[in-house]
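Engineer: This is the structure I want to talk about, given as structure tokens.
The values are calculated or read from the model by the stated rules, or taken from the named source; none is laboratory data. These figures come from a predicted structure and were not determined experimentally. Don't worry about glycine lacking a Cβ; one is built from the backbone with ideal geometry, like all the others, and counts go over all protein chains shown. Ligands, DNA and RNA are stripped out before the accessible areas are found, and what is left, the full protein with its side chains, is counted by its heavy atoms. Shrake-Rupley method; radii C 1.70, N 1.55, O 1.52, S 1.80 Å.
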Amino acid sequence: DAGVTQSPTHLIKTRGQQVTLRCSPKSGHDTVSWYQQALGQGPQFIFQYYEEEERQRGNFPDRFSGHQFPNYSSELNVNALLLGDSALYLCASSLFLGGSSYNSPLHFGNGTRLTVT
Amino acid sequence: GQQVMQIPQYQHVQEGEDFTTYCNSSTTLSNIQWYKQRPGGHPVFLIQLVKSGEVKKQKRLTFQFGEAKKNSSLHITATQTTDVGTYFCAGYPQLENAGNMLTFGGGTRLMVKP
């Protein structure tokens with residue numbers, strides 16, 4: 001049973017460039033969330049995808065966009081990269097539980113370490 | 001927007017000592033989750049608390065959810081070197097327009113001296 005897989009593991013880009021990060025969720029999961037984690041800080045919520053639509057968005061600019069495919073995998077795109085975008089990008093999958101007061105735990109991938117020079 | 005704060009940021013303990021990290025949210029939470037991230041790793045789910053005043057135990061770890069559902073704590077009894085890592089609390093707000101946004105605290109980094 002494969003867990004959450006992310007690619008690539010590391011990436012070095014130059015300011016102004018664009019980047020695409022990929023995520024395959026854990027088998028059986030239908031929801032994908034993306035987080036940005038700067039060094040020494042907690043993960044910051046970027047957005048969440050469910051049924052191929054962006055269901056929730058955090059406080060990130062429109063340079064950050066995403067997509068979810070019919071097989072539940074997801075991509076995170078960042079345009080016009082800034083030095084401050086250097087971080088670990090974490091993908092987390094979960095199962096939508098509808099109106100339950102419980103939320104399915106997030107299963108994280110190992111992340112993509114993005115360095116912008 | 002919702003903010004989740006954790007204290008302390010860092011804690012050094014001698015192996016065998018106890019450890020506690022505290023979590024406070026600026027808004028009422030529908031539930032709270034705790035995660036552990038080992039150095040160089042990714043966050044791993046530990047537990048979820050839903051009910052006001054709930055207390056749950058996992059071996060040497062005790063988790064508590066406050067009566068007002070705005071704060072939580074994690075207590076580790078008799079720490080071991082395997083407890084090393086950063087502990088994050090993360091909460092879902094009781095807000096209609098943000099109910100799917102799991103917000104993480106800044107984490108408490110635990111270091112254990114053998």
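Engineer: If A:Ala2 passes every condition in (1) in a loop (DSSP other than H, G, I, E, B); (2) over 30 Å from B:Leu110 (Cα atoms) but one, which one does it miss?
Structural biologist: Failed condition: (2).
Engineer: Moving to a separate point now. Take the residues in the range B:23-39 that are open to solvent by less than 90 Å² (accessible area, probe 1.4 Å) and closer than 30 Å to A:Thr9 by Cα, then tell me which one is nearest to the chain's Cα centre (by Cα). First the steps, then the outcome.
Structural biologist: Initially, the range B:23-39 is screened for residues open to solvent by less than 90 Å² (accessible area, probe 1.4 Å), giving B:23-37.
Next, only the ones that are closer than 30 Å to A:Thr9 by Cα stay: B:32-37.
Values: B:Ile32: 8, B:Gln33: 7, B:Trp34: 4, B:Tyr35: 7, B:Lys36: 8, B:Gln37: 11 Å.
Per the criteria, the residue is B:Trp34.
Engineer: When the range A:25-54 is examined, which residues are found to be under 13 Å from the mean Cα position of the chain (by Cα), in a strand (DSSP E or B) and not β-branched (Val, Ile, Thr)?
Structural biologist: Just the residues of the range A:25-54 that are under 13 Å from the mean Cα position of the chain (by Cα), to begin with: A:25, A:31-37, A:43-50, A:54.
Still in the list and also in a strand (DSSP E or B): A:31-37, A:44-50, A:54.
A:Ser33, A:Trp34, A:Tyr35, A:Gln36, A:Gln37, A:Gln44, A:Phe45, A:Phe47, A:Gln48, A:Tyr49, A:Tyr50, A:Glu54, listed by residue number.
Engineer: Continuing with the same structure: When both residues are 6+ apart or on different chains and their Cβ atoms are under 9 Å apart, which pairs have a first residue that lies in the range B:35-49 and is without any contact (Cβ under 8 Å) to a residue 12 or more places away in the chain and at the interface with another protein chain (Cβ under 7 Å from one of its Cβ atoms), and a second that is in a loop (DSSP other than H, G, I, E, B) and among the hydrophobic types (A, V, I, L, M, F, W, C)?
Structural biologist: That search, which allows pairs on different chains as well, returns B:His42/A:Val4.
Engineer: Can you find even one residue in the range A:32-39 that is modelled with pLDDT under 95 and either open to solvent by 30 Å² or more (accessible area, probe 1.4 Å) or out of contact with any helix residue (DSSP H, G or I) (no Cβ under 7 Å at 6 or more places or on another chain) (or both)?
Structural biologist: yes
Engineer: So, one more: Out of the residues in the range B:4-22 that are surrounded by fewer than 18 Cβ atoms within 10 Å (Cβ to Cβ) and among the β-branched types (Val, Ile, Thr), state the one that is farthest from B:Leu110 (Cα to Cα).
Structural biologist: Filtering first and then ranking leaves B:Ile7.
Engineer: Taking the conditions exactly as written (more than 14 Å from A:His107 (Cα to Cα), touching a Cys at 6+ places or on another chain (Cβ under 9 Å) and surrounded by 13 or more Cβ atoms within 10 Å (Cβ to Cβ)), does A:Leu11 satisfy them or not?
Structural biologist: Working: more than 14 Å from A:His107 (Cα to Cα): yes; touching a Cys at 6+ places or on another chain (Cβ under 9 Å): no; surrounded by 13 or more Cβ atoms within 10 Å (Cβ to Cβ): yes.
In short, no.
Engineer: Which one of the conditions (1) open to solvent by less than 70 Å² (accessible area, probe 1.4 Å); (2) in a strand (DSSP E or B) does A:Pro61 fail to meet, given that it meets all the rest?
Structural biologist: (2)
Engineer: Let me ask you something else. What's the number of the condition A:Glu52 fails, among (1) in contact (Cβ under 8 Å) with a residue 40 or more places away in the chain; (2) under 28 Å from B:Leu29 (Cα atoms); (3) more than 10 Å from chain B (Cβ to nearest Cβ)?
Structural biologist: Evaluating A:Glu52 over (1) in contact (Cβ under 8 Å) with a residue 40 or more places away in the chain; (2) under 28 Å from B:Leu29 (Cα atoms); (3) more than 10 Å from chain B (Cβ to nearest Cβ) leaves (1) as the failure.
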